[in-house]
Amino acid sequence: MEVKSRMRRTASVAMVALMGLGLAACSAGEADADLNPDEVSGEISLLTPIFEGSPGQDLLEDELLPQFYEEYPNVTVNVDYTTYGNLNEKLTTAVVSGLVPDVMLMGVGWIEAFADKGVLADLGELGLSEADLKESYTDEIVEAGMWDGNVYAVPIMLDTRFGVARMDILKEAGYDSPPSSWDELIEIAEATTVRSSNGSLERAGFDMMSLDARQAFETVLFSAGGDLFNADATEPTFNSDEGVAALGLMADLVNKYEVEDIGFTSTDDIVNPLINGRAAMGIAHNNLWTQALEADETVLDNLEPFVIQGESSGMFFGGTLATVANNSKNPQAARALLEFLSSPEAALAANEQRGNVPALTELLDSDYVQSNRFVQFAMENLDVAKREGGPAQWLEVRGDFAPAVQAALLGQKTPEEALDDLAALVQTSIDR
């Protein structure tokens, strides 16, 4: 598909860089709020874990950057492509060497660590305020790019996790809609689980194993009304009563209600079990829609997204945000590129190329969003979505979550023991 069919060109190229951020409303630094393209110049570097592969590179270099150069002809951008798997190592190496890229795209939960180390520029000093961003994004998304009260990043795209049901399977079991409570989730999961005569699992009633264990737990935790950390991110709260209840539900689905077996599905599965019918319900990434389009588009009409509902509404979001290096020699050129990449047209093209969720609320009405039911659902429910991260030490401790969750699912520890042990480990990292 050509990029022109993916992007709705609703404004001229000259306006692209200003549409997404509403910078004209800046009250602080008014004289510096609007960039003068004739005065912005210099060579800058971009480190990006998105726009990967030939399609992504073609989109960035053949379509988007030429638009940027038309607006800012005196700026040159050198692109360094990487993957999220290698991004942390690459950023750490850059910090140690002092050769930090001018513009860096990084994930939700990453901003705190690099802002705390002084790597990132305070975007407020470049003319962008929290109030400006909250005119275009939900509060929680804006706060994902903040640290210690200052703005350090602008969102480009999101990836979300929520419940998905195979409605053809649910209807065969007598249910006309996805579950609206934990009790209904258990009931429907038990009713749709299928085992052979020898007891081996043939269809899971509720799949959690094909998603990263940390993200699955966080989604259920949020539905319990819990949070990962306290308000100032100085103490973990995931081992609260809500957290224990959330992990308890997950453990019970496996060990008490037996709606899924350990190892029945995994994150390495080529085809998601909701697509091939090996699961009736589960927690899934919004790109399940794109996967189904490629694997078996006949199932699309039967895939129904839903917010997991406990004491609260549970939906998780991660994503990619744009930042500027604190030591950039050409900060205005870097800011211009950040604004361009997060503007509606450029962000929309990047999201469609990856099948992700635009962070800008105005893009809900775009053709791409309206044609992708999972992306549309995610955007319509962003007001209840929560993110991971919080303390500056998040990147150090996030890998410890999956083993803790798995210990509870395997019955090696009670949910309370698993979370208390994890909380002690995390608190030690925070206090260090």
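The values are calculated or read from the model by the stated rules, or taken from the named source; none is laboratory data. Source: prediction; values computed, not measured. Methodologically, a virtual Cβ is constructed for each residue, glycine included, from the backbone with ideal geometry; neighbour enumeration extends over all protein chains shown. All accessible areas refer to the heavy atoms of the entire protein, side chains included, with ligands and DNA or RNA removed. Shrake-Rupley method; radii C 1.70, N 1.55, O 1.52, S 1.80 Å.
Check residue 106 against each of (1) buried (at least 17 other Cβ atoms within 10 Å of the Cβ); (2) without any contact (Cβ under 8 Å) to a residue 24 or more places away in the chain and name the one condition it does not meet.
(2)
Being under 17 Å from the mean Cα position of the chain (by Cα), buried (at least 24 other Cβ atoms within 10 Å of the Cβ) and among the hydroxyl-bearing types (Ser, Thr, Tyr): is that true of residue 361 here?
Against the criterion (under 17 Å from the mean Cα position of the chain (by Cα), buried (at least 24 other Cβ atoms within 10 Å of the Cβ) and among the hydroxyl-bearing types (Ser, Thr, Tyr)), residue 361 does not qualify.
Got a number for residues in the range 414-432 being surrounded by 19 or more Cβ atoms within 10 Å (Cβ to Cβ) and without any contact (Cβ under 8 Å) to a residue 60 or more places away in the chain?
So the answer is 0.
Inside the range 322-366, can you point out the residues that are assigned to a strand (DSSP E or B) and of a type outside the set (Gly, Ala, Ser)?
323, 324, 357, 358, listed by residue number.
Please state which one of 139, 159 is farther than 15 Å from residue 322 by Cβ, open to solvent by 60 Å² or more (accessible area, probe 1.4 Å) and under 18 Å from the mean Cα position of the chain (by Cα). Let's see the steps before the verdict.
Working: 159 fails: open to solvent by 60 Å² or more (accessible area, probe 1.4 Å).
Being farther than 15 Å from residue 322 by Cβ, open to solvent by 60 Å² or more (accessible area, probe 1.4 Å) and under 18 Å from the mean Cα position of the chain (by Cα) holds for just one of 139, 159, which is 139.
In contact with a helix residue (DSSP H, G or I) (Cβ under 9 Å, 6 or more places away or on another chain) and hydroxyl-bearing (Ser, Thr, Tyr): is that true of residue 266 in this structure?
Values: in contact with a helix residue (DSSP H, G or I) (Cβ under 9 Å, 6 or more places away or on another chain): no; hydroxyl-bearing (Ser, Thr, Tyr): yes.
So residue 266 fails the test.
State which residue is surrounded by the fewest Cβ atoms within 10 Å (Cβ to Cβ) when the search covers only the range 36-48 and only residues that are modelled with pLDDT of 95 or more and in contact with a helix residue (DSSP H, G or I) (Cβ under 6 Å, 6 or more places away or on another chain).
Only one residue tops the list, namely 42.
For the range 272-290, what are the residues that are assigned to a loop (DSSP other than H, G, I, E, B) and more than 21 Å from the chain's Cα centre (by Cα)? Give the derivation first.
Here is the first cut: in the range 272-290, the ones assigned to a loop (DSSP other than H, G, I, E, B) are 272, 277-278, 280, 286-287.
Selection gives 277, 278, 280.
Can you tell me how many residues in the range 56-83 are of a type in the set (Phe, Trp, Tyr) and open to solvent by 70 Å² or more (accessible area, probe 1.4 Å)?
Here the count works out to 1.
Condition (residue is buried (at least 20 other Cβ atoms within 10 Å of the Cβ) and over 30 Å from residue 432 (Cα atoms)) applied to the range 386-403: is it met by at least one residue?
Scanning the range 386-403 turns up no residue that is buried (at least 20 other Cβ atoms within 10 Å of the Cβ) and over 30 Å from residue 432 (Cα atoms).
Of these, 277, 282, which one is surrounded by 23 or more Cβ atoms within 10 Å (Cβ to Cβ), assigned by TED's automatic domain parsing to the domain that holds residue 186 and not aliphatic (A, V, I, L, M)? Outline the logic, then answer.
On the way: 277 fails: surrounded by 23 or more Cβ atoms within 10 Å (Cβ to Cβ).
Answer to the selection: 282.
Which one of 311, 345 is assigned by TED's automatic domain parsing to the domain that holds residue 371 and either modelled with pLDDT of 95 or more or buried (at least 24 other Cβ atoms within 10 Å of the Cβ) (or both)? If you could, list the steps in order and put the result at the bottom.
Details: 311 fails: assigned by TED's automatic domain parsing to the domain that holds residue 371.
On inspection, the qualifying residue turns out to be 345.
Which residues, taken from the range 389-411, are part of a helix (DSSP H, G or I), more than 12 Å from residue 262 (Cβ to Cβ) and of a type in the set (A, V, I, L, M)?
Result: 395, 397, 402, 404.
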